[in-house]
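The values are calculated or read from the model by the stated rules, or taken from the named source; none is laboratory data. None of these values were measured; they are calculated from a predicted model. Virtual Cβ from ideal backbone geometry, glycine too; neighbours counted across all protein chains shown. Note: areas computed on protein heavy atoms with side chains; ligands, DNA, RNA excluded. Shrake-Rupley method; radii C 1.70, N 1.55, O 1.52, S 1.80 Å.
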Amino acid sequence: MTATDWATRADWRLREAHTLGPWAMHSADSAGRVHPEPAHPFRAPYQRDRDRIVHSAAFRRLAHKTQVFTGDHGDYHRSRLTHTLEVTSIARTLARALSLNEDLVETLALGHDIGHPPLGHAGEDTLAELLAAEGGFNHNAQALRIMELLEFRSAGFPGLNLSREVLDAQATRKRDGRAPAPLLETQVVDAADSIAYDTHDADDAIELGLVSLDELLELPLVAEAAARAREHSGGSSGGALRRAVLHQLVDLQVGDVVAESRAAIDRLEVDSVARVRAVFDGGDGVRGVRIVSHSAALAAAKKQLEIFLFQRVYRSERVMTVRKAVQRRLSDLFQWYVDHPDELPVRFRARAADCGVPRSTADYIAGMTDRFLEQDCARRL
Ligand code: MG
């Protein structure tokens with residue numbers, strides 16, 4: 001067979017027809033883009049969406065944005081970018097195991113956090129307070145704003161002109177009641193996000209000395225991961241045990257989602273995207289039922305880990321001290337631009353005419369990396 005024969009065989013339409021379940025979002029059924037574009041000779045629609053996200057300025061800036069811990073804490077821990085890559089890796093595993101559209105899942109995962117402002121949740125909460133009278137601020141809504149309005153790739157229209165399904169998925173994440181029910185591809189990314197942060201925040205917290213592995217081992221979920229780690233790598237201890245536990249923690253959560261979701265697909269007789277939506281929309285009585293989910297037992301164990309992380313990590317004195325300083329600097333910078341709108345970059349100045357100075361200032365500040373924000377504070381304040 002020639003390379004051209006192989007290319008025909010590997011064409012995305014054929015590949016998707018052979019490998020995706022009937023519950024997956026097939027690219028051929030996409031509702032397309034707001035601004036129609038000719039088909040690409042060999043990239044499927046969602047592959048093109050993924051590339052547009054990866055090549056966007058908002059994506060590149062994730063490298064220098066805080067996940068939980070700022071740069072003041074050293075450089076072991078996750079940034080918003082490495083978190084995003086861990087989510088993508090887990091989401092692709094789930095997608096393949098559940099015969100879902102991996103291209104779409106990868107796009108959604110890579111784009112899921114591009115709306116986060118600098119300095120993590122402290123930055124987001126501060127912007128939400130500052131914009132309370134203007135409709136608030138939320139990273140999921142901001143991601144949609146970036147995709148549809150703030151990024152540009154063509155003189156003909158604003159935004160990235162992504163496929164309808166990618167925009168709908170992001171609208172669902174911001175909990176827009178009018179958004180269509182989430183596809184399984186969207187549900188997989190939400191599950192992967194939670195698996196990634198519960199695990200890596202525990203790892204980062206140990207590294208920073210906020211908690212010890214022994215304390216974590218008192219939680220049933222971590223204890224189960226440790227039992228598996230000892231079984232697989234034979235009674236190791238110290239750093240090796242810690243790494244093995246964290247790997248097992250991801251693996252057992254992923255395995256649980258795969259088993260539970262496969263069982264739900266069979267039990268609920270999910271044989272189409274329409275059925276996925278009908279299940280979520282409450283055809284069976286309750287709205288919001290997710291087919292991609294953890295078992296009740298694992299979900300309960302995960303909740304205990306999350307409560308522990310909340311108390312010991314997200315609300316730790318070290319994190320809260322940085323948080324207070326961040327909130328003050330960000331508020332002061334915001335106020336400075338609201339008082340000096342002519343100092344906004346030209347694109348943001350132009351948009352302020354449509355959406356008002358506070359919203360355009362928030363768009364500008366939300367796009368900053370942690371270090372750019374610091375430099376700008378030093379220059380302006
Ligand atoms: Mg995330």
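Data table
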quantity: Single match in Arg178, Arg153 (criterion: touching a strand residue (DSSP E or B) at 6+ places or on another chain (Cβ under 9 Å) and charged (D, E, K, R)); calculated: Arg153
quantity: Tally, over region 64-86, of residues that are touching a residue at least 40 places away in the same chain (Cβ under 8 Å) and either more than 15 Å from the ligand (Cβ to nearest atom) or closer than 25 Å to Ser154 by Cβ (or both); calculated: 7
quantity: Among the candidates Ala109, Ala95, residue that is among the small types (Gly, Ala, Ser), away from the ligand (no atom under 16 Å from the Cβ) and not in a loop (DSSP other than H, G, I, E, B); calculated: Ala95
quantity: Helices (runs of 4 or more DSSP H) (entirely within region 163-252) containing at least 3 residues that are surrounded by 19 or more Cβ atoms within 10 Å (Cβ to Cβ) and within 16 Å of the ligand (Cβ to nearest atom); calculated: 164-173, 184-207
quantity: Hits in region 28-63 (condition: farther than 16 Å from Asn161 by Cβ, more than 17 Å from the chain's Cα centre (by Cα) and in contact (Cβ under 8 Å) with a residue 40 or more places away in the chain); calculated: Asp29
quantity: Qualifying residue in region 307-330 (condition: surrounded by 20 or more Cβ atoms within 10 Å (Cβ to Cβ), in contact with a Lys or Arg (Cβ under 9 Å, 6 or more places away or on another chain) and over 30 Å from Leu217 (Cβ atoms)); calculated: no
quantity: Selection count, region 1-55, where residues are open to solvent by 50 Å² or more (accessible area, probe 1.4 Å), within 23 Å of Pro158 (Cβ to Cβ) and not in a helix (DSSP H, G or I); calculated: 9
quantity: First in region 366-381 and closer than 25 Å to Met147 by Cα, second anywhere and polar (S, T, N, Q) and at pLDDT 95 or above, Cβ under 7 Å, 6 or more apart; calculated: Ala366/Gln142
